[in-house]
Amino acid sequence: MENHPSTVSVLADCVTIVEMDDIKVVRVSHPKATADISLHGGHLLSFKPAGQEDVIWLSEKAEFHSDKAIRGGIPICWPWFGRIAAPAHGFARTTQWHLVEHRENDHGVMICLGLEEDENTLAVWPFSFQARLYIDISDKLKVTLDVRNTDDKPWRFSAALHSYFNIANIADSVTTGMGLEYRDSLQDGKVCQGLQQLRLTDTVDRVYTKPTETIQISDPQHARNIVIKNQGHNSAVIWNPWQQGSQGMADMADDGYQTMLCVESTYHATSLETGLELQPEQSYQLSTEISVQ
Ligand code: TA6
């Protein structure tokens with residue numbers, strides 16, 4: 001992070017809490033990797049395996065305030081993905097999570113954050129729930145969103161782990177493994193067929209409906225491939241706003257699009273009513289595992 005956070009408390013050898021503006025951040029510093037996780041939004045901001053550039057992109061103009069979503073990192077989109085209801089991408093990314101547990105050993109660090117309903121969430125989504133976010137930090141990163149229906153009636157949801165990846169230059173980067181069929185969000189969800197290899201030259205906003213088990217983003221100037229394995233998803237979203245989109249966002253530099261690419265582990269639904277139904281006491285996990293090769 002750019003400005004200098006102040007240490008609030010030391011929780012263990014590898015885990016401290018630091019403060020940035022009005023946001024508290026769990027800072028992990030382990031021989032295998034470092035990571036920053038904001039309690040606001042349950043939002044991972046940084047993941048650096050030892051000897052690597054950050055794998056996660058964070059906007060240089062990101063704003064760290066409790067009423068805003070943070071631009072970059074891994075926003076948690078839940079209990080809906082997209083603009084099918086307000087606020088966009090659900091309330092999880094703009095709500096304060098709490099630290100449930102942290103563990104560390106020679107292999108890495110596990111951080112668990114929690115979120116439950118309160119009067120603010122009930123005002124926009126009238127259900128009880130328990131959400132847990134498990135973040136495993138070692139030479140790989142694994143993020144698992146675990147949601148449980150603690151209400152006495154069923155509810156429906158959609159979700160995404162909206163990962164922003166840090167790449168040296170979008171013009172040199174090729175993405176594989178997204179599959180061929182996609183719904184084009186720039187054409188009202190029109191179903192299209194794409195290519196095996198994606199090299200972007202303009203804005204994209206697509207929901208790939210049949211991604212393969214492993215998605216790869218080549219990042220040649222950083223001499224690496226970013227490898228993504230998702231579970232619990234029904235699709236994978238790819239997004240880059242390109243120049244015009246970057247210019248339209250106050251929390252993104254005009255050239256920000258050149259060094260980022262979103263590839264998202266997504267449970268997609270076109271409306272709240274068609275989301276995945278969870279009965280009382282049922283739970284569901286959506287995860288993404290990220291490594292570099
Ligand atoms: O995941 C892609 C997307 O839904 C795009 O449509 C784009 O708007 C992006 O997310 C960012 O959304 P945000 O609400 O964070 O500006």
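Cα to Cα, under 24 Å, and not fewer than 8 places away if on the same chain: which lysines meet these conditions relative to Lys68?
Within the straight-line cut-off, Lys68 pairs with Lys24.
If you wrap a convex hull around the alpha carbons of the chain, what volume per residue comes out, as a whole number of Å³?
Per-residue hull volume (Cα only) is 125 Å³.
Could you please report the charge total around Arg93, scoring K, R as +1 and D, E as -1 over all other residues with beta-carbon less than 15 angstrom from its beta-carbon?
Result for the local shell: -1.
Among the lysines, select those whose C-alpha is under 19 Å from the C-alpha of Lys32, and discard any that sit fewer than 8 residues away in the same chain.
Lys48, Lys140, Lys142
For a label point 7 Å from the Cα of Gln258 along Cα→C-beta, name the residues of the stretch 135-174 whose backbone N is under 19 Å from it.
It comes to 165-174, nothing else.
Stretch Gln130-Gln221 to full length: gain in nm at 0.36 nm per residue minus the Cα-Cα span?
Going from the current span to full extension adds 28.6 nm.
Taking the Cα centre as origin and putting +1 on Lys and Arg beta-carbons and -1 on Asp and Glu beta-carbons, what dipole magnitude results for the chain, to the nearest 20 debye?
Result for the chain is approximately 620 debye, rounded to the nearest 20.
State the percent of C-alpha pairs, over all pairs in the stretch 24-177, separated by a distance greater than 18 angstrom.
For the stretch 24-177, the share of Cα pairs beyond 18 Å comes to 59 percent.
Would you list which lysines come within 18 Å of Lys190, measuring only between C-alpha atoms, while excluding same-chain residues fewer than 8 positions from it?
Reachable lysines: Lys210.
Which log10 I(q)/I(0) values does the stretch 1-111 give at q = 0.14 Å⁻¹ under the Debye formula, counting every alpha carbon as one identical point scatterer?
Evaluating at q = 0.14 Å⁻¹ gives log10 I(q)/I(0) of -0.57.
Applying 1/(1 + (r/R0)^6) with R0 = 30 Å to the Cβ-Cβ distance of Leu272 and Thr203, what FRET efficiency is obtained, to the nearest 0.05?
Taking R0 as 30 Å, the efficiency between Leu272 and Thr203 is 0.70.
Obtain the nm distance between the two label points defined at Gln193 and Ala250 by a simple spin-label model: each point lies 7 Å from its Cα along the Cα-to-C-beta direction.
4.5 nm
The numbers here are math on the coordinates, done by the rules we state, and not lab data. No experiment lies behind these values; they were computed from the predicted model shown. Because the Cβ atoms are built from the backbone with ideal geometry, glycine has one as well, and the counts that use them run over all protein chains shown.
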